[in-house]
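Below is one structure, written out as structure tokens, with a few remarks after it.
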Amino acid sequence: MGKAPPITNRVKQLREEHDGMSQQALADAIGVTRQTVIAIEQGKYSPSLESAFRISRVFGVGVEDVFGWEG
Amino acid sequence: MSFREKSAWGMGTLMVVTGLLWVLHMDWAFSDDHVHVFEIAHFFVAVIILSIIIQAVLAVTNRGEARKPADERERLAIWRAGHWAGSVLAVGVILSALVYGLHGGGASNLFNGVVASLIVAQFAQYAFQIYFLRKGM
């Protein structure tokens, strides 16, 4: 229980590159809570495929540009 | 802290407080072998009323979040917490049945054991929710 999934992401970096988009703004854009965005950025939660696509669309990049596999 | 976590803290605290009060005042339950349905009913009614008050206060103080449904991470945390709480309830009920089968003690003891298992399982559900929401899944 509580083990971090082996999936990396660049959500925080992309957010900062997009005029310092806030966590709340991203959360509202993809339909989750701010705490879920925080959990994704900290690697504590791997989003669903739908949310992963929503995040990549917000940043205008491909899913593989946001998420990766550790190692 | 998210609305779901605040709710879990509130309800978990309620279960601990009411559970302890129930344990402290259950000496009547061991005085004879009758199942005290009315006393138990009073306890559950009190828990329901206090739950409504807690949820109402949380909804008023967190209007924006309270209106929104749980998101995917929260739903998963609630589902997993329910799964583990179900295991806690199963263990409690089996232990109560074993104690009743091995030592006897009357039907009221079995009844009280099952009620205690319900209270502990309900508390465990909220504790697991907080754990999964904080530590991740």
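The values are calculated or read from the model by the stated rules, or taken from the named source; none is laboratory data. The structure presented is a predicted model; accordingly, all values stated were derived computationally and were not measured. No Cβ is skipped: glycine too gets one built from the backbone with ideal geometry, and neighbour counts run over all protein chains shown. SASA here: full protein model, heavy atoms, side chains in, ligands and nucleic acids out. Shrake-Rupley method; radii C 1.70, N 1.55, O 1.52, S 1.80 Å.
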Which of the residues spanning the stretch A:29-67 are closer than 18 Å to B:Arg75 by Cβ, under 9 Å from the mean Cα position of the chain (by Cα) and small (Gly, Ala, Ser)?
A:Ala39, A:Ser46, A:Ser51, A:Ala52
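For every residue, the table says whether it meets (1) away from every other protein chain (no Cβ under 11 Å); (2) more than 17 Å from B:Asp71 (Cα to Cα); (3) in contact (Cβ under 8 Å) with a residue 60 or more places away in the chain.
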site	(1), (2), (3)
A:Arg15	yes, yes, no
A:Ser22	yes, yes, no
A:Ala29	yes, no, no
A:Ser48	no, no, no
A:Val58	yes, yes, no
Residue under evaluation B:Thr61, criteria (1) under 17 Å from B:Gln129 (Cα atoms); (2) open to solvent by 50 Å² or more (accessible area, probe 1.4 Å), criterion not met
(1)
Which condition number in (1) away from every other protein chain (no Cβ under 14 Å); (2) open to solvent by less than 20 Å² (accessible area, probe 1.4 Å) is the one that B:Gly101 fails?
(2)
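Restricting to the stretch B:111-127, what's the tally of residues that are among the aromatic types (Phe, Trp, Tyr) and farther than 10 Å from B:Ala8 by Cα?
Quick first cut of the stretch B:111-127, residues among the aromatic types (Phe, Trp, Tyr) only: B:111, B:123, B:126.
Applying the additional criterion that residues be farther than 10 Å from B:Ala8 by Cα yields B:111.
Of the residues in the stretch B:111-127, 1 are among the aromatic types (Phe, Trp, Tyr) and farther than 10 Å from B:Ala8 by Cα.
I'd like the full set of residues that are more than 14 Å from every other protein chain (Cβ to nearest Cβ) and open to solvent by less than 50 Å² (accessible area, probe 1.4 Å), limited to the stretch B:115-137.
Of everything in the stretch B:115-137, those that are more than 14 Å from every other protein chain (Cβ to nearest Cβ) and open to solvent by less than 50 Å² (accessible area, probe 1.4 Å) turn out to be B:Val115, B:Ala116, B:Ser117, B:Ile119, B:Ala121, B:Gln125, B:Tyr126.
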